[in-house]
1. Can you name the residue in the stretch 67-121 that is touching a strand residue (DSSP E or B) at 6+ places or on another chain (Cβ under 8 Å) and aromatic (Phe, Trp, Tyr) and is also nearest to Lys157 (Cα to Cα) among such residues?
2. Open to solvent by less than 60 Å² (accessible area, probe 1.4 Å), touching a strand residue (DSSP E or B) at 6+ places or on another chain (Cβ under 6 Å), over 27 Å from Gly78 (Cα atoms) and not in a strand (DSSP E or B): is that true of Leu171 in this structure?
3. Could you grab me the full set of residues in the stretch 153-168 that are in a helix (DSSP H, G or I), open to solvent by 30 Å² or more (accessible area, probe 1.4 Å) and not small (Gly, Ala, Ser)?
4. If the requirement is being free of Cβ contacts under 8 Å to residues at least 40 places away in the same chain, hydroxyl-bearing (Ser, Thr, Tyr) and open to solvent by 80 Å² or more (accessible area, probe 1.4 Å), which of these qualifies: Thr56, Thr140, Thr74?
Amino acid sequence: MLFIAPVSVLLSSLMVWELGLAVRIIPPRWPGRRRTLAIFQNEPAVLPFAGLLSPTDARLGVDGRPQSASGQTTILTGINASAAIGHHKQGFPNQALLDIIRAHSIFLQLKRAGLNEITFANTYTEQFFERRPRWISATTAAVEAAGLRFNRLSDLKAGRAVYQDFTNALLIERGEAIDLRTPEKAGEVTGEHCREQQIHAL
């Protein structure tokens, strides 16, 4: 009988828009002295921490400038959202993108595959629940599609969640009584909670 030990998986995404691989026009002045992360097309990529680079065309076969709503929908569902709706969509998902997310959310796919111990690590403020915004993010829609629990500020204070900036500085600026965190501490919180779950999304 084959026994497979349970494994925790941390699904983390850091999305940076308007960032791409440029074509070098001017040769580097000081070879070997580059201190910033500068990666160009047709040149070997030297990344810190033994990182890997997988060049990807964010247009996904659709003409125009890639946008956040369709791009995030694609990442969170595995469906080429721009091709599905025929164009790129910025900002928040429209109804067509929401329909794709609600049918194909990665969290919903995992639940259908029998993985039920799934936690979404991000924290939502009380304002979100008191006055739900008219437009929601692709991430929020993906979490709702699977019926996952949303973390509140009480979860953050108890060390069970993190906020989008990791340090809580944004919450403190808004007047929330939250302690400032170092990025390292946020990593510890995420790692500790991840060990208790099968899938931990950030």
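The values are calculated or read from the model by the stated rules, or taken from the named source; none is laboratory data. Quantities reported herein were computed from a predicted structural model and do not represent experimental measurements. Ideal geometry is used to build each Cβ from the backbone, glycine not excepted, and the neighbour counts take in all protein chains shown. Surface areas here come from the heavy atoms of the whole protein model, side chains and all, with no ligands, DNA or RNA. Shrake-Rupley method; radii C 1.70, N 1.55, O 1.52, S 1.80 Å.
1. Phe120
2. Answer is no for this residue.
3. Step one: filter the stretch 153-168 for residues in a helix (DSSP H, G or I), giving 153-157.
The next check asks that each one be open to solvent by 30 Å² or more (accessible area, probe 1.4 Å); those that pass are 154, 157.
Within the stretch 153-168, just Lys157 meets the criteria.
4. On the way: Thr140 fails: open to solvent by 80 Å² or more (accessible area, probe 1.4 Å); Thr74 fails: open to solvent by 80 Å² or more (accessible area, probe 1.4 Å).
On inspection, the qualifying residue turns out to be Thr56.
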